[in-house]
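Student: I have a structure here, written as structure tokens, and I will follow up with some questions on it.
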Ligand code: C2O
Ligand code: CU
Ligand code: CU
């Protein structure tokens, strides 16, 4: 709805039920529907107003993952909305074309509420995305794919966190969902299709690939396009990371192919290619110019060490405390954040209110498909990652920003900190 030039969205977080498995109604949560939520689509410079209503019987809140909005609009745990209450927020879209998302951020219950189904996509377009020659027909040749995994009990209900093992390893399940559907089938024309992929699972790392190992081209990551397209056969995404890829299906008219996960060796999505006249497409050789964080010369380095012992997850030796501010960060100043992982397990580190650039992994350049702007970075076992970051909005003691591991069980168990920007 557009009113006075402001794009208005109404999001109701509600209970629902879905028949995922034959004969069983699984209790779920969703946004305006039973499971997951509508895609929000905006243009850069739009002003949006979002009304969030909580129709659950428990507190919740929606956080705009990847959006550069002030702390007051960010939807962190301090924003908690009580049952039958609403929160209205308004902000301007001031960032590059990208696919972001929204999900709850309820204190110690984020993992549970996301697992139940609260999440949706938030797509930003800008001059670059509008003018680049790319497939753009939403749902036809520009297709969002949200990958999640779920575990069910004997009665067909979601089976969330059960044990210390789940807290330490994160909750995973053997049943995979794409856009909330089990055993999904997608029909496409024999041409180049753009997939906007999100790893929306609580903890699983996916290694996406096709069953015939065909090459595809990544054009965007979390928070922007890449400077130029990157060809690959496998795409690794951790929880909360996104990527856009172009796939040429013009050789497959009348045939089928599978997109799946190379770690579990499972097909996740069956793709039927229509028996039509194939169309060729040529991918632009360059995409965008990234001016942000060029030639970073700062000496302001901030260190974050990820800690993990049985039942205790922390950052810099401290577990998340809603009454403690961990960092005070200057507004509009580029800093280097050094993230140290001293365990074997990889952790996807996410920061609110910004997009950043990865400077190095153990002192070396990062992968070419990570040279875009990012908001989440997978820090591998025993690795140190440096990023350049800047915050263009304030966050206050009342509504601070968060940095945390995006394995949601780690976040809920304390691998999270709060910071203000001023
Ligand atoms: Cu996806 Cu604190 O966020
Ligand atoms: Cu976030
Ligand atoms: Cu973690």
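Values quoted throughout were computed directly from the atomic coordinates according to the rules given, and no laboratory measurement underlies them. Because the structure is a prediction, the values reported are computed rather than measured. Don't worry about glycine lacking a Cβ; one is built from the backbone with ideal geometry, like all the others, and counts go over all protein chains shown.
Student: Rank these for me by crowding, 308, 116, going from fewest to most other beta carbons within 10 Å.
Tutor: 308, 116
Student: Indicate the gyration tensor shape class of segment 301-421 (rounded, prolate or oblate), computed on the Cα atoms with a ≥ b ≥ c the square roots of the eigenvalues: a/c under 1.5 is rounded; otherwise a/b larger than b/c is prolate and the rest oblate.
Tutor: oblate
Student: Here is a further query. Which residue, 332, 382, 22, tops the fluctuation ranking in a GNM of the chain built on C-alpha contacts under 10 Å?
Tutor: 22
Student: Over segment 322-407, what is the relative contact order in percent, taking alpha-carbon pairs closer than 8 angstrom and at least six residues apart?
Tutor: Taking the mean separation of contacting Cα pairs over the length of segment 322-407, I get 44 percent.
Student: With each pseudo-label sitting 7 Å past Cα toward Cβ, what's the residue 263-residue 88 distance in nm, one decimal?
Tutor: 4.2 nm
Student: If I model a spin label at residue 2 and residue 291 as a point 7 Å from the Cα along the Cα→Cβ vector, what separation in nanometres do I get?
Tutor: The modelled label-to-label distance comes out at 2.7 nm.
Student: If contacts are Cα pairs under 8 angstrom and at least 6 residues apart, what is the relative contact order of the chain in percent?
Tutor: Dividing the mean separation by the residue count of the chain yields 15 percent.
Student: Bin width 10 Å, alpha-carbon pairs only: give the P(r) of the chain as whole percents, running from 0 to the bin holding the largest distance.
Tutor: With a bin width of 10 Å, the distribution comes to 5, 22, 34, 27, 11, 1, 0.
Student: So for segment 2-127, Kirkwood radius off the Cα pairs, Stokes-Einstein at 4 °C and 1.567 mPa s: how many µm² s⁻¹? It would help to have the intermediate numbers written out before the result.
Tutor: On the way: Rh = 14.9 Å.
It comes out at roughly 87 µm²/s.
Student: Using the alpha-carbon centroid of each, what span in Å lies between segment 94-160 and segment 326-358?
Tutor: Here the answer is 22 Å between Cα centres.
Student: Now a separate question. How far apart, in nm, are two points set 7 Å out from the Cα along the Cα-to-Cβ line at residue 319 and at residue 207?
Tutor: Calculated label separation equals 3.4 nm.
Student: Quick one: if the Förster radius is 51 Å, what FRET efficiency do residue 187 and residue 397 give, using the C-beta to C-beta distance and rounding to 0.05?
Tutor: It comes out at approximately 0.50.
Student: Which of 304, 367, 391 has the fewest other C-beta atoms within 10 Å, and how do the rest follow up to the most?
Tutor: The most exposed by this proxy come first: 367, 304, 391.
Student: Which length gain, in nm to one decimal place, applies between residue 383 and residue 47 when the Cα-Cα distance is subtracted from 0.36 nm times their residue separation?
Tutor: Residue separation times 0.36 nm, minus the Cα-Cα distance, leaves 117.0 nm.
Student: Cut-off is 10 Å between beta-carbons; in what order do 292, 94, 137 appear when sorted fewest neighbours first?
Tutor: By the 10 Å Cβ count, ascending: 137, 94, 292.
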